[in-house]
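In what follows, a structure is listed as structure tokens, so that the remarks can point back to it.
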């Protein structure tokens, strides 16, 4: 089976809008949280968001948006985008440059694109409200493709003239991990030589605040305390958005082009809790089986894994479920890989999370460090026995497990290995 | 997305121009709607809304189109060429066309059915279309693509003296093609062992395209139409032949009306072969007359029958200068 490598990365995240600043934030444990102006109202208890800096996308009219210098995007390209479409478009431009891909490498039958996002609640609401108030004749012809789930793949595939496989994935917070996994399969099965995997989320009021109904958002007002996975005082996740793109290529393509990959994507596994629509299984059953399946598929033993980038979002139940799953996969065999959750720095990127954190894992392997799990004052006793890193260590892991879990009890584990 | 433009039931409704006074609130809303258009577009829209004077309309429509055209293509619009094609020259796709329509509807306070848009191919088509809407005139006939069967059915001139294989007719002109087969009877003698399409015949072909325009593209009036048997050649000026045309060449013909006032219609015409100029005629003038619609040739809708053999044989062919 062809091996699969990560050869390019692009980031628009709360902790940086390029690989260098993201690496710096991860190493120094600098978070990307701010007091979010739209949340500063008496009836909104949640105050903090992992904000995207350097972009303005608050308007429902894409022509009002602004973005950092250096990205040339035409009106006809941006008019059908959601805010996260812009983020991911910029990330894809970065990833293309990072992987040193030419135009012919992008637009051909052997290159595909998988994407994941939750759609754009802001634009869905705007266009729908307009339709009901003014009638369908006054609706923007591009309202649908800008708003619905799938907007990310529609836009990127068209803008970059992708001719290979394209698809969107929807498993909530496991979505872009699923996209990564199935992109791996496209190459592994020899159906594609190269895949772009894009994750995106608007990360604005309309995307984040609905989670308040579930009482799952952190109510902390201090940006430095709001997201603290595995801490005993954690009180929910902090929302974030952005766009991240990971380039996967076959071994043959890597050697043909003579590029140095970040790492190998060595395999993956998935399993479902079969338990609750929104609450993870208390014992992390699905997560455990997903990790076991990933190890089996990639032929990597649990003992070889030296870092786990946890899904841990800083929710009360979710972090414990994953801790239990980790203990049963590793701890019971006396293996203690380093564990950290970079969501302590970024916030929870929802559909973006899996791709963003896979990108982080690839980046730290090249940059030569393992990021700590920030903001832990007192470790939750339920995490006992796990090697949760409290500070960054200056060694790169050799084998990384990346966990993702989503609504419905979907769990994905991705395995990466230093190339 | 092929189904982005769907028909609205209901057909074309006559426009009702808003007669309510133009309030400051309206001006603010108009300013917001046109915030990405030039100041002159906004000013023209204000004048139109205040006075209902359709003379302001072209500036509004062009200003709105300009706002949706990529900046590097906008200079093309400045030349005021009505032949600019929306898709090919300005990069406007059907979705952008919808955006333009929605904004025009909003600004000019009119409503446009989707199926009215299908036939707008050029800037001139759009201007004419909006002008008709505002003045409450019947909508111009869309560009029609006429295959040879159709041409043969409506034209008074017939083979072997018909020099059009296909044609398209719009309200602003007509285009056609004719392939010189080498089998044309006159090529046996023009010239000896050297078949060259006579310039006079090429002028005849342009004249035939102008006839087709009069029959299929000229504005109609209630109760009467131009009679096929009333059209004759009267004169031409400024004719220049630039290129010899021989068997195998495909002539691309185009004519545009310059003046039209009963009983005379004057056209300019040109023939190209590929990108090469072959013939230019500055003026081709035809005479015509109206007949009552009831006895005019049936409007073509794909089911018309060719004129009876005897009738067309009785029609004199266009008379052209044959020794050009």
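The values are calculated or read from the model by the stated rules, or taken from the named source; none is laboratory data. Only a predicted model underlies this, so the values are computations on that prediction, with no experimental measurement involved. Cβ placement follows ideal geometry from the backbone for every residue including glycine, while neighbour counts extend to all protein chains displayed.
Within segment B:178-199, is there a residue that is assigned to a loop (DSSP other than H, G, I, E, B) and farther than 30 Å from residue B:248 by Cβ? No, segment B:178-199 has no match at all. Here are A:323, A:312: which of them is in a loop (DSSP other than H, G, I, E, B), modelled with pLDDT of 95 or more, closer than 24 Å to residue A:301 by Cα and within 21 Å of the chain's Cα centre (by Cα)? The conditions single out A:312.
Before we move on, is residue A:190 surrounded by fewer than 24 Cβ atoms within 10 Å (Cβ to Cβ), part of a loop (DSSP other than H, G, I, E, B) and without any contact (Cβ under 8 Å) to a residue 60 or more places away in the chain? No; evaluated as a whole, the condition is false for this residue.
Would you confirm whether or not segment A:82-102 contains a residue that is surrounded by 13 or more Cβ atoms within 10 Å (Cβ to Cβ), within 14 Å of chain B (Cβ to nearest Cβ) and in contact (Cβ under 8 Å) with a residue 40 or more places away in the chain? No; the residues of segment A:82-102 include none that is surrounded by 13 or more Cβ atoms within 10 Å (Cβ to Cβ), within 14 Å of chain B (Cβ to nearest Cβ) and in contact (Cβ under 8 Å) with a residue 40 or more places away in the chain.
Could you tell me which numbered condition residue A:149 fails, if it satisfies all but one of (1) free of Cβ contacts under 8 Å to residues at least 40 places away in the same chain; (2) part of a helix (DSSP H, G or I)? Failed condition: (2).
Among the residues of segment A:106-116, just one is out of contact with any strand residue (DSSP E or B) (no Cβ under 7 Å at 6 or more places or on another chain) and either surrounded by 18 or more Cβ atoms within 10 Å (Cβ to Cβ) or without any contact (Cβ under 8 Å) to a residue 12 or more places away in the chain (or both), namely A:106. Restricting attention to segment A:144-159, the residues that are surrounded by fewer than 19 Cβ atoms within 10 Å (Cβ to Cβ) and touching a helix residue (DSSP H, G or I) at 6+ places or on another chain (Cβ under 6 Å) add up to 0.
Matching residues to (1) within 27 Å of residue A:222 (Cα to Cα); (2) at pLDDT below 95; (3) in contact with a strand residue (DSSP E or B) (Cβ under 8 Å, 6 or more places away or on another chain); (4) in a loop (DSSP other than H, G, I, E, B):
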site: A:286; (1), (2), (3), (4): no, no, yes, no
site: A:295; (1), (2), (3), (4): no, no, yes, no
site: A:319; (1), (2), (3), (4): yes, no, no, no
site: A:357; (1), (2), (3), (4): yes, no, yes, no
site: A:375; (1), (2), (3), (4): yes, no, yes, yes
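If you filter segment A:157-175 down to residues that are in contact with a strand residue (DSSP E or B) (Cβ under 6 Å, 6 or more places away or on another chain) and part of a helix (DSSP H, G or I), you find that the one that is nearest to the other protein chains (Cβ to nearest Cβ) is A:157. Residues considered: B:95, B:77, B:90, B:86. Of these, the only one that is within 14 Å of another protein chain (Cβ to nearest Cβ) and surrounded by fewer than 20 Cβ atoms within 10 Å (Cβ to Cβ) is B:95. When segment B:104-116 is filtered for residues that are surrounded by fewer than 21 Cβ atoms within 10 Å (Cβ to Cβ), part of a helix (DSSP H, G or I) and either away from chain A (no Cβ under 14 Å) or touching a helix residue (DSSP H, G or I) at 6+ places or on another chain (Cβ under 6 Å) (or both), only B:106 remains. Does residue A:119 fit the bill of being without any contact (Cβ under 8 Å) to a residue 40 or more places away in the chain, away from every other protein chain (no Cβ under 14 Å) and touching a helix residue (DSSP H, G or I) at 6+ places or on another chain (Cβ under 7 Å)? In short, yes.
Restricting attention to segment A:377-419, the residues that are over 21 Å from residue A:290 (Cα atoms) and either free of Cβ contacts under 8 Å to residues at least 24 places away in the same chain or crowded, with 24+ Cβ neighbours inside 10 Å (or both) add up to 2. Is it the case, given these coordinates, that residue B:228 is modelled with pLDDT under 95 and either closer than 19 Å to residue B:164 by Cβ or touching a helix residue (DSSP H, G or I) at 6+ places or on another chain (Cβ under 6 Å) (or both)? Yes.
Looking only at segment B:22-50, residues that are away from chain A (no Cβ under 14 Å), in a helix (DSSP H, G or I) and surrounded by 16 or more Cβ atoms within 10 Å (Cβ to Cβ) come to 10 in all. Among the numbered conditions (1) over 23 Å from the mean Cα position of the chain (by Cα); (2) away from every other protein chain (no Cβ under 14 Å); (3) in a helix (DSSP H, G or I), the only one that residue A:63 does not meet is (2). Inspection of segment B:49-65 finds no residue satisfying the criterion of being within 25 Å of residue A:62 (Cα to Cα) and without any contact (Cβ under 8 Å) to a residue 12 or more places away in the chain. Condition (residue is in a loop (DSSP other than H, G, I, E, B), touching a strand residue (DSSP E or B) at 6+ places or on another chain (Cβ under 8 Å) and either touching a residue at least 24 places away in the same chain (Cβ under 8 Å) or more than 30 Å from residue B:245 (Cβ to Cβ) (or both)) applied to segment B:155-165: is it met by at least one residue? Checking segment B:155-165: at least one residue is in a loop (DSSP other than H, G, I, E, B), touching a strand residue (DSSP E or B) at 6+ places or on another chain (Cβ under 8 Å) and either touching a residue at least 24 places away in the same chain (Cβ under 8 Å) or more than 30 Å from residue B:245 (Cβ to Cβ) (or both).
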